[in-house]
1. Each label point is 7 Å from the Cα along the Cα-to-Cβ direction; what then is the distance between the points at residue 128 and residue 174, in nm?
2. Please order 61, 39 by the number of other Cβ within 10 Å, starting at the fewest.
3. Starting from the Cα of residue 54, move 7 Å in the Cα-to-Cβ direction to define the label point; list residues of segment 18-42 whose amide nitrogen is under 19 Å from there.
4. Treat each spin label as a single point 7 Å out from the Cα along the C-beta direction, and report the residue 115 to residue 81 distance in nm.
């Protein structure tokens, strides 16, 4: 059982600090995950808040056959899809970048260039490809967890991930991205 599951269980038993811990531990990653659906940071923040409100008010049952993070991201995904069905329009994908202090300026520049290239390449890919790559590489989820969030089978997710990596590689090669 991961920390999120124990925090959620404590919240369900009446300890409000459990919910505070969940928000603290998962807020940033959930916003970035929801950003992949909305392409708008403020909307992603609102959906993140809605996700936490939903688990706080509705208290959906968490089956412990997956990680709490998978459960939480699936709740957020469902809210995002509901919102998108209502709006039927999305905004363009923007680059999300962050430089770390205290490192060599040249290394920061090269790292930033790679990040920009990867985010631009992600923006060109099909939505499913972006999602599976994001969950697997940026969020570090397993294929099983990614499959559950995306509503697919594990085998289907593995095949999708393989196709997504090939598509990403092709986009980066076309842009003459040097992976060295």
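A short reminder: the numbers here are calculations on the coordinates, not readings from a lab. Since the model is a prediction, treat every value here as computed from it, not as a measurement. Neighbour counts run over all protein chains shown; Cβ positions are idealised from the backbone, glycine included.
1. 1.9
2. On the way: 61 7, 39 15.
Starting with the residue having the fewest Cβ neighbours, the order is 61, 39.
3. 19-20, 22-42
4. 3.1
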